[in-house]
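Scroll down for the structure; my scribbles are underneath it.
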Amino acid sequence: MPAYELPTCPTCKQTDQVQKVTTLFASNTKEWKETSTGIDSWGNTVTTEHLRTAHTALGLKLKPPNEPAGPTHPGLWYGIGGLVMIFLCSILCPVALALAGAIAPLIGGLIGASTLLPDLAGIPAWLVTSLTFGLPTLCFGVAVLALFLWLGSKVRNRFGKDLKSYRENKLVFEQDEFPRWQRAKARWEQLHYCLRDESLFIPGENKIISIDEMETQLYKPV
Ligand SMILES: [Zn+2]
């Protein structure tokens, strides 16, 4: 005789085929560790362990409600984006610097050489060359800077918006979604299954729950 007294099934009014769902689920679920052996890039033998689970058809139907995942803080995604940016910059910046390093002496040489040229309509030739090459370079630099500032402010605005919606979602999750799941899980722990009628019930509720409707019934407020 089990120490725990089983409740009566509301369909057949008997207790002999009744089982607690938590127990039934555990006996219809198998967990085991699987090891796989491989060789890593240094030629060492590595053994990895994987946890595997399998359910019988009944066990699969009696699965407890899935714990909902809360919203992800946007900082995580922006952090990953930032790391990607730093990574790209670390590749692109040396290239840009090398390019600038190659062009600068060229322009410098041109300006230097133009000091030897005669003045053009009263303006020194070196000034003309400087303006011709220097101004576009300066404009380009300013444009790039402006682009970065503009992008920066865009990202900042976007981050602010994402943070706001994250806080709202988190509030909904903490005040509604998560407690709802906790209640459903608590109800699941009270469920009993009658093997004779293949139906579920919660003691004291006197209501028959079909196995396919289990999840809906668990989330339904009493
Ligand atoms: Zn029954």
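Can you pull the three principal axis extents for the Cα set of the stretch 74-172, in Å, largest first?
77, 27, 8
At Met85 and His73, where each label point lies 7 Å from the Cα along Cα→Cβ, what is the point-to-point distance in nanometres?
For the pair Met85/His73, the computed spacing is 1.9 nm.
Tell me the volume per residue, in Å³, of the convex hull enclosing the alpha carbons of the chain.
206 Å³
Could you please rank Ile39, Ile202, Ile211, placing first whichever residue has the fewest other Cβ atoms within 10 Å of its Cβ?
In increasing order of surrounding Cβ atoms, one gets Ile39, Ile211, Ile202.
In debye, nearest 20: dipole of the stretch 74-172 around its Cα centre with unit charges on the Cβ of K, R (+) and D, E (-)?
Charge dipole, the stretch 74-172, about its Cα centre: 720 debye, nearest 20.
Can you tell which of Val142, Val172, Val18 shows the greatest fluctuation in a Gaussian network model of the chain with Cα springs below 10 Å?
Val142
Which of the lysines could a cross-linker span from Lys161 if the Cα-Cα distance has to be under 16 Å and same-chain partners fewer than 8 positions apart are dropped?
Once the sequence-local lysines are set aside, what remains near Lys161 is Lys170.
Just to confirm the number: angle between the C-alpha axis of helix 125-172 and the first principal axis of the chain, 0 to 90 degrees, nearest 10?
Compared with the principal axis, the helix lies near 10 degrees.
Less than 22 Å apart at the alpha-carbon level, and either on another chain or at least 8 residues along: which lysines does that give for Lys164?
Lys154
Hey, got a sec? Which GluC sites (Glu not before Pro) in the stretch 1-88 land in a DSSP loop and have at most 11 other Cβ atoms within 10 Å?
Glu5
Straight distance only, please: which lysines reach the Cα of Lys61 with their own Cα at less than 28 Å, same-chain residues fewer than 8 apart left out?
Lys13, Lys20, Lys30, Lys33, Lys185, Lys207, Lys220
Sticking with the crude label model, points 7 Å out along Cα→Cβ, report the distance from Leu147 to Leu97 in nm, one decimal please.
2.0 nm
Taking the Cβ-Cβ separation of Glu205 and Ser27 as r and a Förster radius of 30 Å, what is the calculated FRET efficiency to the nearest 0.05?
Efficiency at R0 = 30 Å is approximately 0.80.
Any read-out appearing in this document is the output of simple, stated calculations on the displayed coordinates, not a laboratory observation. Nothing here was measured: the structure is a model prediction, and the numbers come from that model. Backbone-built Cβ (ideal geometry, glycine too); neighbour counts: all protein chains shown.
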